[in-house]
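**Q** This is the structure I want to talk about, given as structure tokens.
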Amino acid sequence: DPDLIEAEITGGLEHPGIVPVYALGRYDNGRPYYAMRFIRGETLRQAIERFHRPAGEGASEASVEPSERVLGLRQLLRRFLDVCNAVDYAHSRGVLHRDLKPSNMIVGKHGETLVVDWGLAKATGSSGEPSEEGALRPPSGQDSIETLQGSPLGTPAYMSPEQADFQITDKRSDLFSVGVVLANLILGHNIFKGPTAEESRQRILKQAMTFE
């Protein structure tokens with residue numbers, strides 16, 4: 001059950017950049033439920049769009065003070081670093097997110113930055129690096145949802161080439177997605193986004209071929 005996997009994985013990751021799970025149980029019909037912290041804020045996607053949108057109707061970027069632009073960019077980059085720290089922690093516990101994108105990152109009003117929506121996460125069972133907490137192993141024994149035939153996991157414009165090519169993923173896949181998020185933050189748009197999901201997937205694959 002994807003909801004159960006998400007709850008168990010998220011609940012096992014205790015980090016300021018990951019939403020805490022307060023309770024996990026089952027209804028009388030056997031369906032699992034979990035209670036999480038309520039988050040107030042906007043997504044990083046909204047923050048990026050606001051930063052790159054000129055202030056005021058019909059205004060141009062030239063009308064915005066350079067110092068304000070620099071401050072705004074620094075604030076976004078600080079949020080991005082918070083995301084990197086949360087992802088690094090998850091990797092230290094052997095957990096892959098597999099759907100990192102600005103809309104799955106929440107920026108709170110009091111400086112908090114949270115990586116959310118771990119519904120496609122995978123617990124590999126091994127961190128591959130020293131960790132005081134050790135690799136996370138979901139109590140149910142499930143480690144992830146299965147990839148459907150012909151349907152790669154993730155969001156096409158942000159997924160790694162191996163995800164787009166239906167191959168096995170590791171933490172490098174998350175790092176690729178984080179890099180796309182950074183490019184999106186700086187440029188104001190996603191460099192791989194096409195008119196359709198399939199076009200986005202092909203752009204990812206084509207870009208990967210140029211590095212081979």
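What follows draws every value from the coordinates through simple rules; no lab data is involved. In this text the structure is predicted, and so the values were computed from the model without any measurement. Glycine also receives a Cβ, built like all others from the backbone with ideal geometry; neighbour counts cover every protein chain displayed.
**Q** Relative to the present Cα-Cα distance, how much length would full extension add between Asp28 and Glu68 at 0.36 nm per residue of separation? Walk me through the numbers before you get to the answer.
**A** Details: separation 40, 0.36 × 40 = 14.40 nm, distance 5.43 nm.
Full extension from Asp28 to Glu68 adds 9.0 nm.
**Q** Can you list residues from other chains, or at least 5 along the same chain, whose modelled amide H is less than 5 Å from the amide H of Met105?
**A** For Met105, whose amide H was placed from the backbone, the distant partners under 5 Å are Leu44, Arg45, Val116.
**Q** Given a Förster radius of 30 Å and the C-beta distance between His189 and Asp88 as r, what FRET efficiency does 1/(1 + (r/R0)^6) yield to the nearest 0.05?
**A** Values: r = 26 Å, r/R0 = 0.87.
Taking R0 as 30 Å, the efficiency between His189 and Asp88 is 0.70.
**Q** Once you put a point 7 Å from the Cα of Asp170 and another 7 Å from the Cα of Glu112, both along the Cβ direction, what distance in nm separates them?
**A** Reported label-point gap for Asp170 and Glu112 is 3.4 nm.
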